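Starting off with a structure, shown below.
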Amino acid sequence: MPNIKEFFSRTSTAKIGTDSKIEEDVDVGILYRRGSKKPIIGKNAVIRSNTVIYNDVEIGDDFKTGHNVLIREETIIGNNVLIGTNSVIEGHCLIGDDVSIQSNVYIPINTIIDDNVFIGPCACFTNDKYPIRVDYDLKGPIIRKGASIGANSTFLSNVEIGEGAMVAAGAIVTRSVPPWYLAIGAPAKIKPLPKFLKVSNNI
């Protein structure tokens, strides 16, 4: 545990639920604008070292992080969510219950992730169709309930991954994937999900 006096100076007025474990060098409640509110974190959280959580973040019960996680402002996270080591959530995101986000995942502004979603390591989502060239409303992905995202997959902006869909490891997803379909390859081809994979995630 960090020095208690030092820890509470960094997390003053943050609401952290009972039976939570906060490791060393965690910074909860980064001020990004005047009037922003300290985070609210539910019970039974495990927040590992060097994690940074901004103000105006709300997190449910049974939350766990790896090390070096960044969660920016205006993000709402449900119950029983894991965010793996070195993952970045850029803010203004909505994440449901029973979500597992593995290590080194990048989630941009304006992303929506429904319940019971699995995201494999090193997945990269984007929200800018024309990076720094023209004005564009940032549109992150929408990942629907029970979708599974494979490792090292990459997503262009403004795609929707349908309920129960799967994205194979290494896929480059340039368009939306219908419910219970598979995206595979680079660029990804969309095909029906095999029958044996039409089952719920076990998170």
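The values are calculated or read from the model by the stated rules, or taken from the named source; none is laboratory data. Note that this is a predicted model, so its numbers are computed, not measured. Every residue, glycine as well, gets a Cβ built from its backbone with ideal geometry; the counts of neighbours run over all protein chains shown.
If you check Gly170, Gly146, which single one turns out to be surrounded by 15 or more Cβ atoms within 10 Å (Cβ to Cβ), touching an Asp or Glu at 6+ places or on another chain (Cβ under 6 Å), outside the structural domain of Ile89 (by TED's automatic domain parsing) and not in a strand (DSSP E or B)?
Just one listed residue meets the conditions, Gly146.
Taking only segment 59-118 into account, find how many residues are among the charged types (D, E, K, R) and within 20 Å of Val26 (Cα to Cα).
Number satisfying all stated conditions: 7.
Go through segment 173-194 and count every residue that is surrounded by fewer than 15 Cβ atoms within 10 Å (Cβ to Cβ) and in a strand (DSSP E or B).
3
Quick grid of which residues meet (1) in a strand (DSSP E or B); (2) in contact with a Ser or Thr (Cβ under 8 Å, 6 or more places away or on another chain); (3) small (Gly, Ala, Ser); (4) farther than 20 Å from Asp98 by Cβ:
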position: Asp25; (1), (2), (3), (4): no, yes, no, yes
position: Gly29; (1), (2), (3), (4): yes, yes, yes, yes
position: Tyr32; (1), (2), (3), (4): no, no, no, yes
position: Lys37; (1), (2), (3), (4): no, no, no, yes
position: Asp62; (1), (2), (3), (4): no, no, no, no
position: His67; (1), (2), (3), (4): no, yes, no, yes
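Here are Tyr32, Tyr54: which of them is touching a strand residue (DSSP E or B) at 6+ places or on another chain (Cβ under 7 Å), among the hydroxyl-bearing types (Ser, Thr, Tyr) and surrounded by fewer than 18 Cβ atoms within 10 Å (Cβ to Cβ)?
From the options Tyr32, Tyr54, the qualifying one is Tyr32.
Against the condition in contact with an Asp or Glu (Cβ under 8 Å, 6 or more places away or on another chain), basic (Lys, Arg) and surrounded by fewer than 19 Cβ atoms within 10 Å (Cβ to Cβ), how does Lys37 come out, does it pass?
Judged against the criteria, Lys37 is a match.
Hey, among Val134, Val159, which residue is over 14 Å from the mean Cα position of the chain (by Cα), farther than 26 Å from Ala183 by Cβ and assigned by TED's automatic domain parsing to the domain that holds Ile190?
Going through Val134, Val159 in turn, just one is over 14 Å from the mean Cα position of the chain (by Cα), farther than 26 Å from Ala183 by Cβ and assigned by TED's automatic domain parsing to the domain that holds Ile190: Val134.
So which residues in segment 86-103 are in a loop (DSSP other than H, G, I, E, B) and closer than 13 Å to Tyr54 by Cα?
Glu90, Gly91, His92, Cys93
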